[in-house]
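One structure is given here, and the rest of the page talks about it.
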Amino acid sequence: MDFKQEVVNALHQALGTDLDVAAIAAAIETPKSSDLGDYAFPTFALAKLYHKAPKMIAADLATAIDAKPFEAVRAVGGYVNFFLDKVSFAHSVLTTIAQDPAHYGDQQLGTGNVPIDMSSPNIAKPMSMGHLRSTVIGNALANILAKVGYTPIKINHLGDWGTQFGKLIVAYRKWGNEADVRQDPIHYLVQYYVQFHEEAEKDPHLDDEARAVFKQLEDGDPEVTKLWAWFREESLKEFTRIYDMLGVTFDSFNGEAFYNDKMDGVVQALEDKGLLHESQGAEIVDLSKYDLNPALIKKSDGATLYMTRDLAAAFYRHAEYDFVQSLYVVGNEQREHFDQLKAVIKEMGDDWADEIHHIPFGLITSGGKKLSTRKGNIILLEQVLNDAIALAQAQIAEKHPDLADAATVAHQVGVGAVIFHDLKNERLDSFDFNLEEVVRFEGETGPYVQYTNARANSILNKTTVAPAPEVALTDPTAWDVLKLLADYPNVIARAAQAYEPSVIAKYALRLAKAFNKYYAATKVLVDDAELPARLAMVQATTQVLTSALALLGVGAPAEM
Ligand code: ARG
C-alpha cells in the first residue's frame, strides 16, 4: 500500500542513474494543497547536473514518466506533481484497515526492553499537575513503543527517600498528630511540610535536625523507619486512586528507597575506578570535561543523594532488563541531572550510557504562575480530574440527556480531556492550565475527537447496510480523510522516533477535522452503489480515531 514508493519508482525509471532511490525518496514533498497533487518532486537540485532550468527539467520529466499508475502527472514550475489514482488508493487503504483494524499501524522499528521511568511522584505530597505530565507522556510513549515492536516497562521511581523525609518526620513530631494523619493523610503531611519550611526560615537549626533524622532513616533506625513506612503507605493509597482514574498501570514501583542497599556497589565502583574526589568534605565525580558541574555522590555527613540513587537505579535496570533504551520522562528542569547521570556512567566506561534518554517536558503553569508545593501554590490533580468529569457531565446532560451510562462516558470524556490537552502540546512547550478550555467539545480538544468518533459510530448504527471496502469509492470529498487514514503508520513511526505523543494527538485532531468536513459536504447515508464504500470509510475513521486515542491513553465512547 506504499503509494509514495510508486512515485519513487516512477521517478527512478525516468531519471535512470542520475539520482539514487534514497535521494529521490528524501526529496519528495507533500504539497500543502491537494490541487497540487498528492506528492511533488522538486527539480531544483538537478539544474546543475542537466544544465537546464528547473522548469524545463520538470516539464521533460512529466512527459518521460509512465503515468499509468497515476490519475495525472503534471509539471508546475520546478515541480513534478503526482496525482494518485483515487479509486485504487481508496480501495487499498480501506481494505488494509478492514482486514485487521486493531493492528493497523503495527510495525517493527525495533525490539527489546525499554524501561520508562515515569510519574515518580514524591511521597507525602499530593500528586500535582506537574506529575500528571510525566504520567501521561510516559504512558503514551509506552503504548506507542509497544505498537512499533518494543517491550516497554513502566517504572514508577517513587520519591520515597531523601532529606525531605527528615524534614517531614521532624515536623510531624513537633506539630503533628496521628489522628489527623489517619483521617486525611496527604492534607496534613503537606501542611507539616509547608510549616517546616516556614519555621526553618526563622530557625535554620531545624534543617540540621532534619538532616540528622534522615541519616537515622538511612541507618535503619526502627522508630523513624516506622513513620516513614506509614507515610509511604498512606501516600501510595492516594496515588493509586489517581492512577485508577487515569487508567494508568505500572510494572514496577521500585522507588528511591529500593536502592538504599544498592548504592554501596556503585560508590565502590566509582572509588575503584578512581573517579571519586573529595570536595569540601563531600564526595564528587568531576565532570568538567563534559562541561558539567560535578556530580554529588555523598554529602559530608555520608548521606547519599538523589544522584546516588539514580546511579544505582540505572545499573540495576541495566542488569535486570538488559535494555535497548532506558527512558526517563522527567521535567526539563532536571536536564542537568540526567546529563550528569549519563556522564558519570560514561566515565565508568559503560557505553550503554548512550542508550539512556532523558525525555524532558515543559512546565504547567496556572494563571501564568509556576506551581510549587513548598509555597502552597499547588493544583491537586484529583480535584482537577473530578472537576473535569463534572464539566463533561454537564455538557453531556445538555447535548444528550438520555444517554445510557452517562457516568462512564463523563469519566472517559473528563479524564480524557485532561490527558489529551496535556499530550497535544509538544512535550517541551510549557502551557497554562485552564480547565474550561480543556473540556470544551469544540476546538482542539480531546472531547472534540471523541465526539467526532461517536458521530461516526452513530452513522454506522443508522443503517443495516454493511460497510464494504471492496466497492470503489470515487467521492472526491473523501480524499483528505483517506489520505490521513493511509498516513497513520507513518505518524506512529514519527511519534516513536521523536518520543513525541503530540504527533499522535495532532494527527487525531486533523483526522477528526477532515472527517467533519467530509460529513458536512456529503450525504453519507444515501442509498446508492457507493454507500458500502462510504460506510467502510466511516468505519475505518472510527477505528483509527479509537486506536489513536488509545495510544494516548484516552477512551473512545461509542456514544456521547
Ligand atoms: N521524584 C522526582 C520529582 O518529583 C522525579 C523522579 C524522576 N526519576 C528519576 N529517576 N530521577 O522531581
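Calculate the dipole size of the chain relative to its Cα centre from +1 charges on Lys and Arg beta carbons and -1 charges on Asp and Glu beta carbons; express the result in debye to the nearest 20. Before the final figure, lay out each step's value.
On the way: 51 positive and 77 negative charges, 293 e Å.
Dipole about the Cα centre, nearest 20: 1400 debye.
Straight distance only, please: which lysines reach the Cα of K147 with their own Cα at less than 24 Å, same-chain residues fewer than 8 apart left out?
Straight-line reach from K147, under 24 Å: K4, K424, K483, K506.
Over the Cα atoms of the range 57-168, what Rg and Dmax result, in angstrom?
Answer for the range 57-168, Rg first and Dmax second: 25.4, 78 Å.
Applying 1/(1 + (r/R0)^6) with R0 = 56 Å to the Cβ-Cβ distance of Q13 and T463, what FRET efficiency is obtained, to the nearest 0.05?
Efficiency at R0 = 56 Å is approximately 0.80.
Take Q191 and A319, extend 7 Å from each Cα along the Cα→Cβ direction, and tell me the distance between the two endpoints in nm.
4.4
Counting C-alpha atoms alone, how compact is the range 435-560: give Rg to one decimal and Dmax as a whole number, in angstrom.
So, for the range 435-560, Rg and Dmax equal 14.6, 46 Å respectively.
Contour minus end-to-end for A498 and K262, with contour as 0.36 nm per residue of separation and end-to-end as the Cα-Cα distance?
Working: separation 236, 0.36 × 236 = 84.96 nm, distance 3.27 nm.
This chain segment gains 81.7 nm when fully extended.
Got a number for carbon plus sulfur as a percent of the chain's accessible area, 1.4 Å probe?
Details: 12180 of 24600 Å².
The computed percentage sits at 50.
Considering all alpha-carbon pairs of the chain, what whole percent are spaced by more than 33 angstrom? All intermediate terms of the calculation are to be shown ahead of the outcome.
Numbers: 84167 of 156520 pairs.
In whole percent, the share of Cα-Cα pairs in the chain beyond 33 Å is 54.
Using only helices, what value at 222 nm comes out for the chain when you add -39,500 (n - 2.57) per DSSP H run of length 4 or more and divide by the total residues, to the nearest 500 deg cm²/dmol? Could the numbers behind the result be given before it?
Numbers: 21 runs with 303 residues, N = 560.
Taking each H run of at least 4 residues, the total per residue is -17500 deg cm²/dmol.
Provide the packing ranking of 167-176, 65-74, i.e. peptides ordered by the mean count of other C-beta atoms within 10 Å per residue, highest first. Please list the in-between numbers first.
Values: 167-176: 20.2, 65-74: 16.2.
In decreasing order of mean packing, 167-176, 65-74 become 167-176, 65-74.
Taking the simple approach of a point 7 Å from Cα along Cα-to-Cβ for both D219 and D432, what is their distance in nm?
Computed distance between label sites D219 and D432 equals 5.1 nm.
For the chain, what does the accessible surface come to per residue with a 1.4 Å probe? Please give it in Å². Please list the in-between numbers first.
Working: 24600 Å² over 560 residues.
Spelled out: the 1.4 Å probe surface of the chain, per residue, equals 44 Å².
Could you order the peptides 133-143, 356-366, 199-209 from most to least packed, using the average number of other C-beta atoms within 10 Å per residue? Before the final figure, lay out each step's value.
Values: 133-143: 25.8, 356-366: 18.5, 199-209: 13.3.
In descending order of packing, they fall as 133-143, 356-366, 199-209.
Give me the one-decimal nm value for the distance between modelled label points at D301 and R173, 7 Å along each residue's Cα-to-Cβ direction.
Roughly 1.1 nm, to one decimal.
What's the center-to-center distance, using Cα atoms, between the range 228-266 and the range 86-109 in Å?
41
By average Cβ neighbour count within 10 Å, what is the ranking of 535-546, 468-479 from highest down?
Working: 535-546: 24.1, 468-479: 17.1.
The packing order, highest mean first, is 535-546, 468-479.
Of W230, V285, S326, whose Cα points farthest to the positive end of the dipole of the range 172-328 (charges on the beta-carbon: +1 Lys, Arg; -1 Asp, Glu; origin at the Cα centre)?
Of the candidates, S326 comes out farthest on the positive side.
For I28 and T408 in one chain, what is 0.36 nm times their gap in residues minus the Cα-Cα distance, to one decimal in nm? Walk me through the numbers on the way to the answer.
On the way: separation 380, 0.36 × 380 = 136.80 nm, distance 4.58 nm.
Length gained, I28 through T408: 132.2 nm.
In the range 417-502, which trypsin sites (Lys or Arg not before Pro) are in a loop and have at most 15 other Cβ atoms within 10 Å, using DSSP for the loop call? Write down the numbers at each step before the final one.
Details: sites: K424, R427, R440, R455, K462, K483, R494; in loops: R427, R440, K462.
Passing both the DSSP loop test and the Cβ count: K462.
Working out 0.36 nm times the residue gap between E336 and V21, then minus their Cα-Cα distance, what length gain in nm do you get to one decimal?
Working: separation 315, 0.36 × 315 = 113.40 nm, distance 4.14 nm.
The span from E336 to V21 would gain 109.3 nm if fully extended.
The values are calculated or read from the model by the stated rules, or taken from the named source; none is laboratory data. As the structure is a computational prediction, the values presented were derived from the model and not from experiment. All Cβ positions, glycine included, derive from the backbone under ideal geometry; neighbour counts span all protein chains shown. Please note that ligands, DNA and RNA were not included when accessible areas were found on the heavy atoms of the full protein model with its side chains. Shrake-Rupley method; radii C 1.70, N 1.55, O 1.52, S 1.80 Å.
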